[in-house]
Amino acid sequence: MGPFTLVAIYLVVWWTVLFAVLPLGTKTHAEMGIDLKDGGDPGAPVNPNLKRKFITTTWVSAIVWLVVMAVIWSGVIPMPSAPPV
């Protein structure tokens, strides 16, 4: 497994974890009772904390990636061999 494949697997894991982490701990304007007079969306988060969520996503993704790589390298999931030329 080459370095490109390792990075590609990490990026897929990172994006998947990001979408799982984004809704955690967010409060919308409607939940907070804030009236948006300027036509904003009441479902938009008041304080999304994106920097903290990106950092959390990065370390959680690293742990998940290590588990996935351990499963692949242990042989539990067999890697297909290259077709004969």
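The values are calculated or read from the model by the stated rules, or taken from the named source; none is laboratory data. Just so we're clear, the structure is a prediction, and the values are computed from it rather than from any experiment. So basically every Cβ, Gly included, is an ideal-geometry build from the backbone, and we count neighbours across all protein chains shown. Heads up: the accessible areas ignore ligands, DNA and RNA and are worked out on the full protein's heavy atoms, side chains in. Shrake-Rupley method; radii C 1.70, N 1.55, O 1.52, S 1.80 Å.
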**Request:** Could you tell me whether residue 67 is assigned to a helix (DSSP H, G or I) and out of contact with any Ser or Thr (no Cβ under 9 Å at 6 or more places or on another chain)?
**Result:** yes
**region 1-39, subset in contact with a helix residue (DSSP H, G or I) (Cβ under 7 Å, 6 or more places away or on another chain) and either part of a loop (DSSP other than H, G, I, E, B) or modelled with pLDDT under 85 (or both), residue surrounded by the most Cβ atoms within 10 Å (Cβ to Cβ)** = 22
**Message:** If I go through region 55-78 residue by residue, how many of them are surrounded by 10 or more Cβ atoms within 10 Å (Cβ to Cβ) and either more than 12 Å from the chain's Cα centre (by Cα) or more than 17 Å from residue 13 (Cβ to Cβ) (or both)?
**Reply:** 8
**Complete:** Within region 40-54, restricting to residues that are modelled with pLDDT of 90 or more and open to solvent by 70 Å² or more (accessible area, probe 1.4 Å), the one that is nearest to residue 70 (Cα to Cα) is 54
